[in-house]
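The values are calculated or read from the model by the stated rules, or taken from the named source; none is laboratory data. Since this is a predicted model, take the numbers as computed values, not measurements. Here the Cβ positions follow ideal geometry from the backbone for every residue, glycine too, while neighbour counts run over all protein chains shown. Ligands, DNA and RNA are stripped out before the accessible areas are found, and what is left, the full protein with its side chains, is counted by its heavy atoms. Shrake-Rupley method; radii C 1.70, N 1.55, O 1.52, S 1.80 Å.
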Amino acid sequence: MEFSKMQSLLYVLLFLCTIFLQHSTVYSIGVNYGTLGNNLPPPAQVAQFLKDKTTIDRIKIFDVNPDILRAFAGTGIFVAVTIPNGEIPNLVNIRYARRWVGNNIKPFYPQTKINYILVGNEVLHWGPQNLIDNLVSAMRTLHIALIRSGIQGINVTTAHSLGILESSQPPSLAKFRPGWDKGDLAPMLQFLQETKSPFMVNPYPYFGYSPEQANFALFKPNSGLHDKYTNRTYTNMFDLLIDAVHVSMKKLGYGDVEIAVGETGWASAGEAFEPKCTIPNAASYNGGLVKKYNEGTGTPLLPRRKFDTYIFALFNENLKPGSLAEKNFGLFQPDFTPVYDIGIMRGTAGVPDQPAPTPAPSVSTPSSPVTKPPTQGNKKWCVPKAEATDAQLQSNIDFVCSQGVDCGPIQPSGACYNPNTLRAHASYAMNSWYQSKGRNDFDCNFSNTGAITTSDPRRRQMSTWRRTVECLAQVCITYERIQIYLDVEPKRKAATLQD
């Protein structure tokens, strides 16, 4: 009898402890720490701020900055580092990989809790082909170099844009792009499965935003999107994209590999042609993401699953190339002032700002991905940025023309060969890719050398060509007048002398 009472009391205590832990746990999330600004605080201040003032417990950087690695030593904050894309061919050599680990990891680990090494960023999407061909070999060799250096607590992976998907709606029909699926992603997933490392993706509902699906993109109430093949209903675009990745992995036989979210976020300000970039939208998306992460609900196909997630980005960065939006993805201003509250400050964790909900539009399931032609109110084109170099423009042309896009019009005698300039040809190629992929903003990134415009570049090119033609015509007319003058004037003078 006494034993039974004690057993009942134990169950009650365990239940109360569970409730207490659920309500006292401080959840955490990661953030991308970029450094493209001339007014950013030093890394030591950043590390102290994140440790003392926020619940952020992991960062991802886009290089192997030794100042940042030193600053985060002893903070307990995880750090994911990124190897530049250009280093990939070198890393296939084990001696080079060993030296790289010796120079960039061993001096800081384990004092700095490095948890991931990303071998390049969005390599498959941007190429060029020699980097794609060497990517998996570089990842394997780097893993071996870590083991031989006595380091076993760091996972090797790489981050992918969702350009690797041929389709994502509905998620049950999603699949990787042919060519990349079995040629590159299957061997990569095999490596990740063997090393228990995550498949890292960069899902951005921001790029798939449309006014009609605003609530679906921003974690606001909506009627949802029903996938009739799995009988699952999606209430936000983030879940849809993650499940599309999972289904694509599963179709290759690697559904058991974990998924990590390398980048996702929303700009809080932008140009006049970027009306989605507002503080309420950014707060709604990132706040909804934090709330979802804290609740641990997972996705319809991966319930109760938590994914390592890194919001883009920590700070607004005033030197980032591109439109105003690119400079305003930060959660904080450079003086550590929050741009908006998403519940990551200590004392407010889990209570993000939620703007007032707007009416929920219905979201229908398309039978297949549809590429919409530009309409009168939705005309956008992809053009090269002014600062893009000739080498970058040629690389963009080579990439697009190698992916099945018809580049005949910019060949000699082609309809768009003139004006015969590298920039004009790159503009044609980049815009053809952008339009053919459905006019997603991420399909105009081209390693930060592309920009979205609402001004038809063909009209500008035609204007330039027309001015050239008109100028030549004027020259011809002037020449003809001179010829006439030279021909007539001597005869007139001769006639005058005779008179």
- Are there any pairs with C-beta distances below 9 angstrom linking a residue in the stretch 176-202 that is in a helix (DSSP H, G or I) and modelled with pLDDT of 95 or more to a residue that is of a type in the set (Gly, Ala, Ser) and open to solvent by 30 Å² or more (accessible area, probe 1.4 Å), with the two at least 6 apart or on different chains, and if so which? 186/253; 189/253; 190/253
- Can you spot a residue in the stretch 84-96 that is touching a Leu at 6+ places or on another chain (Cβ under 7 Å) and aliphatic (A, V, I, L, M)? yes
- Note on the structure: Residues in the stretch 295-322 that are surrounded by 21 or more Cβ atoms within 10 Å (Cβ to Cβ) and polar (S, T, N, Q) total 3
- Message: Can you report the number of residues in the stretch 248-283 which are of a type in the set (Val, Ile, Thr) and open to solvent by less than 20 Å² (accessible area, probe 1.4 Å)?
- Response: 4
- Which condition number does residue 117 fail, the rest of (1) free of Cβ contacts under 8 Å to residues at least 60 places away in the same chain; (2) touching a Gly at 6+ places or on another chain (Cβ under 9 Å) being met? (2)
- Restricted to the stretch 91-112 and to residues being touching a residue at least 12 places away in the same chain (Cβ under 8 Å) and farther than 19 Å from residue 65 by Cβ, the residue least open to solvent (accessible area, probe 1.4 Å) is 97
- Query: Say we look at the stretch 408-434 and pick out the residues that are free of Cβ contacts under 8 Å to residues at least 24 places away in the same chain and hydrophobic (A, V, I, L, M, F, W, C); which of these is nearest to residue 379 (Cα to Cα)?
  - Reply: 416
- Query: Does residue 360 fit the bill of being open to solvent by less than 70 Å² (accessible area, probe 1.4 Å) and either modelled with pLDDT under 80 or in contact with a helix residue (DSSP H, G or I) (Cβ under 9 Å, 6 or more places away or on another chain) (or both)?
  - Reply: yes
- Task: Could you grab me the full set of residues in the stretch 220-241 that are aliphatic (A, V, I, L, M) and assigned to a helix (DSSP H, G or I)?
- Result: 237, 240, 241
- Quick check, is residue 77 in contact (Cβ under 8 Å) with a residue 40 or more places away in the chain, open to solvent by less than 10 Å² (accessible area, probe 1.4 Å) and among the aliphatic types (A, V, I, L, M)? no
- In the set 172, 197, 161, the lone residue that is in contact with a helix residue (DSSP H, G or I) (Cβ under 8 Å, 6 or more places away or on another chain) and surrounded by fewer than 17 Cβ atoms within 10 Å (Cβ to Cβ) is 172
- Task: Considering only the stretch 31-73, state which residues are farther than 22 Å from residue 266 by Cα, among the β-branched types (Val, Ile, Thr) and surrounded by fewer than 22 Cβ atoms within 10 Å (Cβ to Cβ).
- Result: 64
- Query: Can you pull out the residues in the stretch 104-157 that are under 30 Å from residue 445 (Cβ atoms), of a type in the set (Val, Ile, Thr) and not in a loop (DSSP other than H, G, I, E, B)?
  - Reply: 114, 117, 119, 123, 132, 136, 141, 156, 157
- Look at the stretch 242-300 and say how many of its residues are polar (S, T, N, Q) and assigned to a strand (DSSP E or B). 1
- Query: Given the conditions (1) more than 15 Å from residue 345 (Cβ to Cβ); (2) modelled with pLDDT of 95 or more, and given that residue 31 satisfies all but one, which numbered condition is not satisfied?
  - Reply: (1)
